[in-house]
Amino acid sequence: GIQVEQSPPDLILQEGANSTLRCNFSDSVNNLQWFHQNPWGQLINLFYIPSGTKQNGRLSATTVATERYSLLYISSSQTTDSGVYFCAVGGEGSGGSYIPTFGRGTSLIVHP
Amino acid sequence: DSGVTQTPKHLITATGQRVTLRCSPRSGDLSVYWYQQSLDQGLQFLIQYYNGEERAKGNILERFSAQQFPDLHSELNLSSLELGDSALYFCASSVATAGTQYFGPGTRLTVL
């Protein structure tokens, strides 16, 4: 199956700093999604981005499918950005289904 | 609030027992996905249903089964529970068979 590696595994920032999270995957994919799991356990969809670049406020993401990686940028980080960021990727299975494989995540702590 | 609801929020049971977890997708979403999150295995895809039919299967044990009903809500049945089944179980939904997934708050299962 597809292997997904996220880096760095842990990240500690001061409020206001910028950061880049990376997701490498071992095979071509048709689906890629970034999630944030907050300290209360809730999984929040950030981007569905199998290719290209998207931006939403202070967050943006870029996926270069041909080189099998995706980047999540967080600018001007805030304490509410703390949590674990997951990348989930998948190809297209039979009948157009999507079987996602998750990375182990990047744990982010933002200090005030 | 993602619009996906899961009940119950917490469940404590004993080994050998059977439990049922329930999920209601967002209004208009036809796909339901089930995931298991544990410390050692991370986030793992279990199974997907689309409009009442099983669409994709991941690392789901034979002791586990699921179904999606005509009103599109889904249930995950876990039987002959073992200590290792203790985990957070998430349900997610999407409009189609692939694309953006929206996660429910999860059910925390503890098997004693």
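No value in this document is a laboratory result; all are computed from the given coordinates. The model shown is predicted, which means the values in this text are computed figures rather than measured ones. FYI the Cβ positions are ideal-geometry reconstructions off the backbone, even for glycines, and counts take in every protein chain you see.
Our summary gives the range A:4-92 a relative contact order of 38 percent, counting only alpha carbon pairs under 8 angstrom and 6 or more residues apart.
Normalised by 2.2 N^0.38 Å, with N the number of residues, the alpha-carbon radius of gyration of the range B:53-105 equals 1.25. For the range A:8-68, the Stokes-Einstein estimate of translational diffusion at 37 °C and a viscosity of 0.692 mPa s comes to 248 µm²/s, using the Kirkwood hydrodynamic radius over alpha-carbon pairs.
Charges were assigned to the Cβ only: +1 to each Lys and Arg, -1 to each Asp and Glu. The resulting dipole of the protein assembly as shown about its Cα centre is roughly 180 debye. Placing a label point 7 Å from the Cα of B:Ala96 along the Cα-to-Cβ direction, the residues of the range A:26-58 with a backbone N closer than 15 Å are A:30-32, A:48-51.
When the range B:25-95 is described by a simple charge dipole with +1 on each Lys and Arg Cβ and -1 on each Asp and Glu Cβ, the residue from B:Gln67, B:Gly52, B:Tyr89 located farthest towards its positive end is B:Gly52. Counting Cβ atoms of other protein chains within 10 Å of each Cβ in A:34-42 and taking the mean gives 3.
Two numbers describe the Cα atoms of chain B: Rg and Dmax, which are 13.0, 38 Å. By the Cα gyration tensor, chain A has an equivalent ellipsoid whose semi-axes, rounded to whole angstrom, run 25, 14, 12 from largest to smallest. Taking Cβ atoms as reference points and 14 Å as the exclusive limit, the residues near A:Thr62 contribute a net charge of +2, counting Lys and Arg as +1 and Asp and Glu as -1.
Estimated at 0.36 nm per residue, the fully extended path between B:Glu53 and B:Arg108 surpasses their Cα-Cα distance by 17.2 nm.
The reciprocal of the average 1/r between distinct C-alpha atoms defines the Kirkwood hydrodynamic radius, which for the protein assembly as shown equals 17.9 Å. For chain B, relative contact order (Cα pairs under 8 Å, six or more residues apart, normalised by length) works out to 37 percent.
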